[in-house]
Amino acid sequence: MRGRRASPAAGSPDALLAAAGQGDERAFSAFFDLTIPLIFPLLHRGLGDRNRASDAAERIYVRVWRAAPRFRPERECAYARLLAATRLELST
C-alpha cells in the first residue's frame, strides 16, 4: 500500500518516538541516546562551535518531544522528523 509503512521494530527510533508521544520519558531518553551521535556532528559542523551545537541540540530535542504526540510511524520516519528539525535549526 502506498504511503503506509510497516509497524516499527521495538527499540527502533520510530517505536521509541511513538512511545514518547504517549508520554514515555524513558523511550524519549533512549531515542535521544540513539540519535544524538548522528545529529550532534551535523550541528557542530554547521555551527562551528561545540557550545552552540549543544544549545541547538537541546532546542531540537525539545521541539521533537513536543511534537511527538503527533508522530505516526506508519506515515513517517522518526529520522526524517529529526533531520527536518535539525535543518530548520541550522537555517535560523
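Here, each number is a calculation from the coordinates, and none is a lab measurement. Remember, predicted model here, so these are calculated numbers, not experimental data. Every residue, glycine among them, receives a Cβ derived from its backbone with ideal geometry; neighbour counts consider all protein chains shown.
Summary table
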item	result
Complete set of residues in segment 31-56 that are surrounded by 18 or more Cβ atoms within 10 Å (Cβ to Cβ) and among the hydrophobic types (A, V, I, L, M, F, W, C)	Phe31, Ile39, Leu43, Ala53, Ala56
Top-ranked residue of segment 12-30 - restricted to ones that are under 11 Å from Phe71 (Cα atoms) and of a type outside the set (Asp, Glu), ranked as surrounded by the fewest Cβ atoms within 10 Å (Cβ to Cβ)	Gln22
Single match in Phe40, Phe71 (criterion: in contact with a Leu (Cβ under 9 Å, 6 or more places away or on another chain) and touching a residue at least 12 places away in the same chain (Cβ under 8 Å))	Phe71
Matching residues, segment 60-83, being more than 13 Å from Ala20 (Cβ to Cβ) and surrounded by 14 or more Cβ atoms within 10 Å (Cβ to Cβ)	Ile60, Glu76, Cys77, Tyr79, Leu83
